[in-house]
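Below: the structure, in structure tokens.
The values are calculated or read from the model by the stated rules, or taken from the named source; none is laboratory data. Note that the structure is a prediction, hence the values are computed from the model and not measured. Don't worry about glycine lacking a Cβ; one is built from the backbone with ideal geometry, like all the others, and counts go over all protein chains shown.
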Amino acid sequence: IADNPGEEEFHATVKEVLTSIAPVVEKHPEYQEQAILERIVEPERVIMFRVPWVDDQGKVQVNKGYRVQFNSAIGPYKGGLRLHPSVNLSIIKFLGFEQIFKNSLTGLPIGGGKGGSNFDPKGKSDNEIMRFCQSFMTELSRHIGQDTDVPAGDIGVGGREIGYLFGQYKRIRNAYEAGVLTGKGLGYWGSLARKEATGYGLLYFVRHMLADANESLAGKTVVISGSGNVATYAIEKAQEFGAKVVACSDSNGYIYDKDGIDLDVVKEIKEVKRARISEYIKARPNAEYHEGCKGIWTIKCDVALPCATQGEIDLESAKVLVENGVFAVGEGANMPSTLDAIDYFLEKDVLFAPAKAANAGGVAVSALEMSQNSMRYSWTFEEVDNKLKDIMKNIYENSTKAAEEYGFKGNLVVGSNIAGFKKVADAMIAHGVV
Ligand code: NDP
């Protein structure tokens, strides 16, 4: 903590991971001898840079740019770029650290990294977004490459932004190095099912977790926070599995539709108009809109799927959810539950699917996009979706098995950390002290 002052989010995630893997380290003295823990919490490289750009009024703006290349033991650094005013080094380090284990869990050859900027895309014109992305990539391009570091989307970075970033990279490098970014458009080497992957993957994972408890999503009431990429496709798959999704949100507030969310209306507002979720009630007058995000967790539900951002379920919200009868929580966002909220869910025997395992579908399909780019070939939607289903099943089974092996039966937080950690630690030992 003294070495990384003020990095609260990073401290929290390190604490969660190191606590979980303590039994593994005890059992394997070579991890201690080789200082694996001391090495793994230190990023291999941190890049911080200035991002100057000119707004539509001709005024020069400056933002901070980050890329944390955390661990490349099992493959090139891989992880998204986040554009949000809350972005700082602590957040990028927490996301990058999580990414190491998540990527390992997918079973695919990708290391961990993350990046972004405190740029706020909200209210910016297309041209401003483009100029920002071009400036950001002008610096980032020196540090990435299809065998070095492969960024993707995250909060505030969707298909439009990846397009601008790729265009600038291609221009600077004078090469069509498609595998340098994932989440690309289908017309230029993107993968089918990438857009759906995180939300769908979350539901595949949750379905396995419920099935093991003789439960299913059919007929269940579900609350999903957010209305971005992850939330949208989580809603879609939850509805396909027969659940009734009654709420979703954005950073201003949430909507409650007791008859079940009309996803076409949400997609129109968020993907086409790029407007606020409050507009939902114009199309669905029987629904309610409430200002503020936290209230979404006071809605009675069987299953809660936080898909917006970190720290959105604190202990207080966790208590209300349990009081209202929630029996399963699946994390679509990264670290949406605080550590005390997670402890509370586990203490109350709520089935809990941690982000690292449950939202790994996005990066898994990103890795499949890299495979397709290397082959200069693309798979059909069904082929990618079937691979995603298999990957989520393996992640669920490996996490369950690891938890059981170390005496934490049913605890997927511990199980996923252990399952993700061992492969990376063993590769680090194989590579010597580097
Ligand atoms: P989007 O930008 O598409 O959507 C984010 C959603 O969360 C929006 O509805 C946004 O509202 C809301 N939100 C963002 N910040 C806050 C905040 N501080 N408070 C409340 N609401 C907020 O991002 P994604 O859907 O891609 O990402 C959502 C989460 O999932 C993130 O934690 C991300 O790291 C994680 N994730 C994403 C993956 C992916 O493939 N995209 C893969 C794995 C994890 P508003 O529009 O008002 O900003």
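So here's what we get for this one:
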read-out	value
Matching residues in the stretch 297-316 - criterion: being among the polar types (S, T, N, Q) and within 21 Å of the chain's Cα centre (by Cα)	Thr309, Gln310
Subset tally (residues that are within 15 Å of the ligand (Cβ to nearest atom) and not in a loop (DSSP other than H, G, I, E, B)) for the stretch 71-89	6
Total residues in the stretch 122-151, condition touching a residue at least 12 places away in the same chain (Cβ under 8 Å), surrounded by fewer than 22 Cβ atoms within 10 Å (Cβ to Cβ) and of a type in the set (Gly, Ala, Ser)	3
Filter result (free of Cβ contacts under 8 Å to residues at least 60 places away in the same chain and in a loop (DSSP other than H, G, I, E, B)) within the stretch 228-259	Phe241, Gly242, Asp250, Ser251, Asn252, Asp257, Lys258, Asp259
So Ile224, is it over 30 Å from Gln134 (Cα atoms) and either of a type in the set (Gly, Ala, Ser) or in contact (Cβ under 8 Å) with a residue 40 or more places away in the chain (or both)	yes
Qualifying position, being part of a helix (DSSP H, G or I), farther than 22 Å from Gly111 by Cα and not small (Gly, Ala, Ser), among Glu9, Glu38, Glu30, Glu26	Glu26
Scan of the stretch 308-341 for residues that are among the hydrophobic types (A, V, I, L, M, F, W, C), surrounded by 23 or more Cβ atoms within 10 Å (Cβ to Cβ), out of contact with any Cys (no Cβ under 8 Å at 6 or more places or on another chain) and touching a residue at least 40 places away in the same chain (Cβ under 8 Å), ordered by number	Met335
Given (1) of a type in the set (A, V, I, L, M); (2) within 16 Å of the ligand (Cβ to nearest atom); (3) over 21 Å from Asp154 (Cα atoms), number of the condition Met375 does not satisfy	(2)
Identity of the residue in the stretch 130-157, among the aliphatic types (A, V, I, L, M) and within 13 Å of the ligand (Cβ to nearest atom), that ends up modelled with the lowest pLDDT	Ile155
Filter result (of a type in the set (Gly, Ala, Ser) and farther than 17 Å from Tyr256 by Cβ) within the stretch 215-233	Ser216, Ala218, Gly219, Gly228
Ile36 crowded, with 16+ Cβ neighbours inside 10 Å, outside the structural domain of Ser135 (by TED's automatic domain parsing) and over 19 Å from the mean Cα position of the chain (by Cα)	yes
Complete set of residues in the stretch 41-62 that are under 30 Å from Lys15 (Cα atoms) and assigned to a strand (DSSP E or B)	Arg45, Val46, Ile47, Met48, Phe49
Evaluation of Ile92 against (1) more than 16 Å from the ligand (Cβ to nearest atom); (2) under 16 Å from the mean Cα position of the chain (by Cα); (3) β-branched (Val, Ile, Thr) (one fails), failing number	(1)
Test result for Ile261, in contact with a His (Cβ under 9 Å, 6 or more places away or on another chain) and away from the ligand (no atom under 11 Å from the Cβ)	no
